Amino acid sequence: MALPHQGYRATKPRARAAPPSGDPLLFDDTSSGAPPINNQNYYESGYNMGAAAPAGQGASGANNLFTDPMASAAMMYGSSLANQGKDMVNKEISRFMSVNKLKYFFAVDTKYVVKKLMLLMFPYTHQDWEVRYHRDTPLTPRHDVNAPDLYIPTMAFITYILLAGMALGIQKRFSPEVLGLCASTALVWVIIEVLVMLLSLYLLTVHTDLSTFDLVAYSGYKYVGMIFTVLCGLLFGSDGYYVALAWSSCALMFFIVRSLKMKILSSLSADSMGAGASAKPRFRLYITVASAVFQPIIIYWLTAHLVR
């Protein structure tokens, strides 16, 4: 009896022994012969005993992928697109922020950090406040203690957040929401201060070499005084807090006035011509003093709730 025609891939037939000649056969033995194969290399009957692909076929396919001219061209085209995208991203970032200039503000060492911290807390004995230059380029902070940096403000901001969390924990008032509000408030105040300074310099047409990074650095130095104030408040109570607040506020105001004076008031001769020239020195002095007086207010606002 012929089996139903089904499509199965051809395999090597297996030989079977012939049945005994003495017994009658109920069915014809068709297993010893090769099944018929159609024109698509499939058996018409039997089980699917398809042979496995050759062992080297996968490796040869991978090699063909790299030797194929179309595949190589596609890979080269994709690589060129990735490089173009990287260049576009770097170009857009450079429009708003210079990476090389940002590296300048983090070029510090341990000696500079110690000297700068001492200058921020004890600025009264410092004599030379002028930023030094080499071939019209300001020296890096590690070579000039008067140069502004962003390392100390950044580390002081992080330390202030950690100290605020510890203070809130001691007072049983710690929660992630309160700590997040404290961090965001401190950051927003710096942003507002920098924007106000930039707007004031623009409206008063003050020509100065102060950059946005410089203003962020000078505005961020207040975190050092805030850390000192909170520590004294935690160790010595409210009396220690107010003494430390007065000391750090006076030191920071003195530092800001002397530093910004060299930046804002040093180019008076370039703007001394024309109408209203006599008012420009006064306006510049107002900007310098206002930015200094504003620092104790922010320090008190951001630290008073941490010491109770």
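Can you pull out the residues in the range 172-201 that are over 19 Å from Arg308 (Cα atoms) and of a type in the set (D, E, K, R)?
Glu177, Glu193
Could you list, in sequence order, all residues of the range 133-151 that are open to solvent by less than 10 Å² (accessible area, probe 1.4 Å) and either part of a helix (DSSP H, G or I) or farther than 20 Å from Leu260 by Cβ (or both)?
Selection gives Pro141 alone.
Ala217 - would you say it is touching a residue at least 12 places away in the same chain (Cβ under 8 Å), assigned to a helix (DSSP H, G or I), open to solvent by less than 10 Å² (accessible area, probe 1.4 Å) and not β-branched (Val, Ile, Thr)?
Working: touching a residue at least 12 places away in the same chain (Cβ under 8 Å): yes; assigned to a helix (DSSP H, G or I): yes; open to solvent by less than 10 Å² (accessible area, probe 1.4 Å): yes; not β-branched (Val, Ile, Thr): yes.
Considered against the rule, which asks whether it is touching a residue at least 12 places away in the same chain (Cβ under 8 Å), assigned to a helix (DSSP H, G or I), open to solvent by less than 10 Å² (accessible area, probe 1.4 Å) and not β-branched (Val, Ile, Thr), Ala217 comes out as yes.
Give the residues of the range 133-150 that are farther than 20 Å from Trp189 by Cβ and not charged (D, E, K, R), sorted by residue number.
Tyr133, His134, Thr137, Pro138, Leu139, Thr140, Pro141, His143, Val145, Asn146, Ala147
Can you name the condition, by its number, that Val178 falls short on among (1) surrounded by 17 or more Cβ atoms within 10 Å (Cβ to Cβ); (2) over 23 Å from the mean Cα position of the chain (by Cα)?
Status for Val178: all satisfied but (1).
Need the failing condition index for Lys263 against (1) under 18 Å from Val145 (Cα atoms); (2) at pLDDT 95 or above, just the number.
(2)
Residues being open to solvent by 10 Å² or more (accessible area, probe 1.4 Å) and touching a Phe, Trp or Tyr at 6+ places or on another chain (Cβ under 7 Å): count how many of those fall in the range 224-244.
2
Which one of these is part of a helix (DSSP H, G or I) and at pLDDT 90 or above: Ile256, Ile287?
Going through Ile256, Ile287 in turn, the sole match is Ile256.
Cβ-Cβ distance below 6 Å, separation of 6 or more or different chains: which pairs start in the range 181-209 with a residue that is open to solvent by less than 50 Å² (accessible area, probe 1.4 Å) and end on one that is among the hydroxyl-bearing types (Ser, Thr, Tyr) and part of a helix (DSSP H, G or I)?
The qualifying pairs are Val190/Ser219; Glu193/Ser219; Val194/Ser219.
Kindly indicate whether Ser211 is within 21 Å of Met121 (Cα to Cα) and not basic (Lys, Arg).
When the stated conditions are applied, Ser211 does not pass them.
Hey, among the residues in the range 78-110 that are part of a helix (DSSP H, G or I) and at pLDDT below 65, which one's farthest from Asp144 (Cα to Cα)?
Val89
The values are calculated or read from the model by the stated rules, or taken from the named source; none is laboratory data. Here the structure is a predicted model, which is why all the values come from computation and not from measurement. So basically every Cβ, Gly included, is an ideal-geometry build from the backbone, and we count neighbours across all protein chains shown. Accessible surface areas use protein heavy atoms only, side chains included; no ligands, DNA or RNA. Shrake-Rupley method; radii C 1.70, N 1.55, O 1.52, S 1.80 Å.
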